[in-house]
Amino acid sequence: MNKRLLQQVVRLVLVFAGINVIWYLAFLLMNHPILPSPLTVYRAMFELGAGNIALNVGYSLMRIFAGVAVALVLGLLVGLLMGRSPLWNRLLDPVVYLTYPVPKIALLPVVMLFFGLGETSKILMIMLILLFQVIISVRDGVKAIPASTYDVLTSIGANAAQKFWNVTLPGALSVILSTIRISLGTAISVLFFTEIYGTEHGMGFFIMDAWLRLDYPEMYAGIMLFSLVGFVLFLLVDLLDYKFMKWRNQ
Amino acid sequence: MSSSKTNVNSSGLCVKDLQVEYNNGQPALGKVNFILPEHGIYTVIGPSGSGKSTLLRAVAGLLPDYAGQLLFNGKAVQDKETLIGLVPQNYGLLPWKTVRANIRTALRIARPAISDKQEVESRIQRWLTSMGISELAGRYPLSLSGGQQQRVAIARAFAIMPTILLLDEPFSALDAITREALQVLFLEHWLAHPVTALFVTHDVEEAILLGQQIIILPASKEETPDIVDNRAVFGMKHEDKRSSEDFFEQTKRIRKVMREKW
Ligand SMILES: Nc1ncnc2c1ncn2[C@@H]1O[C@H](COP(=O)(O)OP(=O)(O)OP(=O)(O)O)[C@@H](O)[C@H]1O
Ligand SMILES: [Mg+2]
C-alpha cells in the first residue's frame, strides 16, 4: 500500500515538473510579457504573502464547502425520499427531469438579480450545480440497495434512523462520492464566475483583478493557486473514498 | 402435548393457518399450522421453492402481508418484547462493516441496555471465538468465503440472545467436517440456553439431528405439511444419534414423505 502511494506521489511530481518544463520552453519561444516564466510566477506567488493567499483561498474554499454542504443535505433528503417512497418519486421525478437539463450557469444572472451580488448567490450557484446530480445519484444509489439488506436490522426492531445510518447512507455513499467528484470540477468553474462580481476576496476575484492591472505574473500565480485549491479538493474526496470504501477494495 | 391441534392460547410460537402470497398472486406458502413450544426447537425441510424462507420471513416480521395468525405467548410476534434473531439464507451481513462492526451494530440495536463498551466487545469476541473465526474480526464480508460469512451471521444471531431464533439453512455453505462441528456447537449452545428456534435445512440428517419435531413442507401449496415427532432421537446423546435404530427409522419415514410429496 505504502509503496503504491509513493509511486503515485512520484508520478504526480514528475507530471508537475514536466508541465513546468513545457511552460518554460513556451516562455522562451514566445518571449512576450503575456507569458511570464515559471520562476517569475513562483516569485510573485512568494511575494503575495501567506496572509493574502490564505484570505483568498479561504474565501473560495468556504464558498465551495458551504455550497457542497447545502447541496448534500438537500440532495440527500430529496434523493432519499424519492428512493424510498414510490409516491414521492412519481411526484418529484418530472420536476427533476425537467430541471436537470437546464444549464445552471445560465441562471447566474437570475440568481444575482434575486439574491444580490453577495455570498448568498455565490453559494447558491454552487449548490444549484451540485444539487440535481446529488438528488439523482442518491435516488439511484438508494434504489440499488437490495431490499434484503435491511432484513436483519428490521427483524431486530431497528428504527428508521438506525436503518438510515447503518444501511441507506453507507449503501449510497459510493455513488454520492463519485457524483461529488464529477460535479466538483463544474462547481469550481462556477465559483470563478461568481467571484468576478461583488467581492474583494476569493481566487476568481484575485485572478481577474491581477488581469485588469496587467500584472501577469500575479495573474498566473492566482491561476496556479486556484488549481491547487481544486487539486486539494479532489484529494479530499479521494481520501474520503479511501476511508469509506475500504470494504470494496480489501 | 399434541401438535396437530393448534390452540391460539398456548405458550410458545403459534403459527395458525399461515398463508403467504407475494405480489404476483402466486401462493408462496400453503396453509401452515404448528405450535413451537417456548424453548423448543423444530427443523423445517422442504423442496426448493416450497416456502421455507417465506415461513421464516413471516415469523421475522419481514412480510407486510400474510393470512393467518402468528403469535408468541399469545401476543403478536411483531411485538417489541419478542426479540428475533435471524440468520438469513444470504447471510445478511452489511458489506460496508467489518465482521466485528456487523455484530456490534446488531447488539447495539437489539440490546441498547448493554451500554458498557467492554461488555459489548467481550461478547462479540466470545462468539467469534466459539465460531472459530476470531481472526476474521477486522475483515469485511466481501473478502470472506460463504462458509465464513455464514458463521459470522450465526455468531451475530447468537450474540443478541434473541427470544426466537430463526435459521435459514445456516450450515449450507460449510464442508462436512465444519458442518458437523458446528452442529455439535449449535446443539451444545442450545442445550445451555434453550432459545425457541426454527431451523430450516435441506439436509434430512441435519433435520433429524437438530429438531424435536420436523416440519416437512410439501411441494404443492395445496397440501398440508407433515409434522414428524422426533423427540426420541432428539433426546439421545448427540454422538449416539447417527448410529441408533431410531435415527434410521426416522430417515426412512421422512424419505417416504419426500417421495410422496416432493
Ligand atoms: N420476493 C418474492 N417475490 C415473489 N415471489 C417470491 C419472492 N420470494 C419468494 N417467492 C416465491 O415464493 C415461493 C417460496 O419461496 P421461498 O424462498 O420461501 O422457498 P424456499 O423453500 O426457501 O426455497 P430454497 O430451498 O430454494 O431456499 C417460491 O415459489 C418463490 O418463487
Ligand atoms: Mg430458502
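The values are calculated or read from the model by the stated rules, or taken from the named source; none is laboratory data. Computed from a predicted model, the values in this text were never measured in an experiment. Please note: Cβ atoms are built from the backbone with ideal geometry, for glycine as well, and neighbour counts cover all protein chains shown. Note: accessible area is taken over every heavy atom of the protein model, side chains too, but ligands, DNA and RNA are not part of it. Shrake-Rupley method; radii C 1.70, N 1.55, O 1.52, S 1.80 Å.
So with the 1.4 Å probe, I'd like the accessible area per residue for the range B:61-168, rounded to whole Å². Don't skip to the answer; put the middle values down first.
Working: 4460 Å² over 108 residues.
On a per-residue basis, the range B:61-168 sits at 41 Å².
Can you order the peptides B:15-27, A:122-134, B:209-221 by their average number of other Cβ atoms within 10 Å per residue, highest first? Don't skip to the answer; put the middle values down first.
Working: B:15-27: 13.5, A:122-134: 24.0, B:209-221: 21.5.
The densest-packed peptide leads the list: A:122-134, B:209-221, B:15-27.
How much accessible surface area, in Å² rounded to 10, belongs to the heavy atoms of A:Val21 with a 1.4 Å probe?
For A:Val21, the solvent-accessible surface is approximately 90 Å².
In percent, what relative contact order does chain A have, based on Cα pairs under 8 Å that are 6 or more apart in sequence? Display every interim value, and only then the final one.
On the way: 219 pairs, mean separation 61.8, N = 250.
Computed over chain A, the figure is 25 percent.
Please list, in chain and number order, the residues 5+ apart from B:Phe72 or on another chain whose amide H is under 5 Å from its amide H, with Hs placed from the backbone.
Placed amide hydrogens put B:Cys14, B:Val77 under 5 Å from B:Phe72.
What does the charge count near B:Met236 come to, summing +1 for each Lys or Arg and -1 for each Asp or Glu among other residues with Cβ under 12 Å from its Cβ?
Numbers: positive: B:Arg231, B:Lys237, B:Lys241, B:Arg242; negative: B:Glu239, B:Asp240, B:Glu245, B:Asp246.
Local net charge: 0.
Using θ = phi - 60° and the Karplus curve 6.51 cos²θ - 1.76 cosθ + 1.60, what whole-Hz ³J(HN,Hα) does each residue of the range A:143-149 get, with Gly and Pro shown as x?
Whole-Hz 3J(HN,Hα) from phi for the range A:143-149: 5, 6, 6, x, 4, 5, 4.
Residues with beta-carbon under 14 Å from that of A:His201, excluding A:His201: net charge, scoring Lys, Arg +1 and Asp, Glu -1?
Numbers: positive: A:Arg63, A:Lys122; negative: A:Glu119, A:Glu195, A:Glu200, A:Asp209.
Neighbourhood net charge equals -2.
Check which residues have an amide H placed less than 5 Å from B:Asp226's amide H, if you skip close sequence neighbours.
For B:Asp226, whose amide H was placed from the backbone, the distant partners under 5 Å are B:Ile216.
Just the C-alpha atoms of chain B: what Rg/Rh do they give, with Rh taken as the Kirkwood radius? Please report the intermediate quantities before stating the final value.
On the way: Rg = 18.1 Å, Rh = 19.0 Å.
Computed over Cα atoms, the ratio is 0.96.
Please list A:Thr99, B:Thr129 in order of solvent-accessible area, largest first, computed with a 1.4 Å probe with all protein chains present.
B:Thr129, A:Thr99
Using a 10 Å cut-off around each Cβ of peptide A:153-163, what is the average number of partner chain Cβ atoms that fall inside?
6
Take chain B, connect every pair of alpha-carbon atoms lying under 10 Å apart with a spring to form a Gaussian network, then pick out the residue of B:Val87, B:Val99, B:Val120 with the largest mean-square fluctuation.
B:Val120
Pairs A:Lys143/B:Lys16; A:Lys163/B:Lys117; B:Lys16/B:Lys117; B:Lys75/B:Lys237; A:Lys104/A:Lys163; B:Lys80/B:Lys252: which exceed 32 Å Cα-Cα? Numbers along the way, then the final one.
Numbers: A:Lys143/B:Lys16 35 Å; A:Lys163/B:Lys117 21 Å; B:Lys16/B:Lys117 41 Å; B:Lys75/B:Lys237 35 Å; A:Lys104/A:Lys163 34 Å; B:Lys80/B:Lys252 42 Å.
The pairs that break the limit, which is 32 Å between Cα atoms, are A:Lys143/B:Lys16; B:Lys16/B:Lys117; B:Lys75/B:Lys237; A:Lys104/A:Lys163; B:Lys80/B:Lys252.
What share of Cα pairs, in percent, lie more than 20 angstrom apart in the range B:83-156? Don't skip to the answer; put the middle values down first.
Working: 607 of 2701 pairs.
Counting pairs separated by more than 20 Å, the tail of P(r) holds 22 percent.
Could you tell me the distance between the Cα centroids of the range B:140-201 and the range A:19-48, to the nearest Å?
68 Å
Near the amide H of B:Ala197, under 5 Å away, which other amide H atoms are found, from residues 5 or more places off or on another chain, if H is placed in the peptide plane?
Amide H neighbours of B:Ala197, under 5 Å, 5+ apart: B:Gly40, B:Ile41, B:Tyr42, B:Leu165.
To the nearest 100 Å², how much accessible surface do chains A and B cover up together, summed over both, with a 1.4 Å probe?
Rounded to the nearest hundred, the buried surface is 1900 Å².
So for the protein assembly as shown, considering every pair of alpha-carbon atoms, how many percent are separated by more than 32 Å? Write out the running numbers ahead of the final one.
Details: 75217 of 130816 pairs.
Distances greater than 32 Å cover 57 percent of the Cα pairs.
If we count every other residue with Cβ under 12 angstrom of B:Ala176's Cβ, Lys/Arg +1 and Asp/Glu -1, where does the sum land?
Values: positive: B:Arg179; negative: B:Asp175, B:Glu180, B:Asp203, B:Glu205, B:Glu206.
Net local charge, B:Ala176 excluded: -4.
About its Cα centre, what dipole magnitude does the range B:1-129 give when the only charges are +1 on Lys and Arg Cβ and -1 on Asp and Glu Cβ, stated in debye to the nearest 20?
Values: 15 positive and 9 negative charges, 71 e Å.
Computed about the Cα centre, the dipole is about 340 debye.
Work out, step by step, the length gained on full extension between A:Phe234 and A:Ala54: first 0.36 nm times the residue separation, then minus their alpha carbon distance; give nm to one decimal. If you can, show how the numbers build up before the last one.
Working: separation 180, 0.36 × 180 = 64.80 nm, distance 1.88 nm.
The span from A:Phe234 to A:Ala54 would gain 62.9 nm if fully extended.
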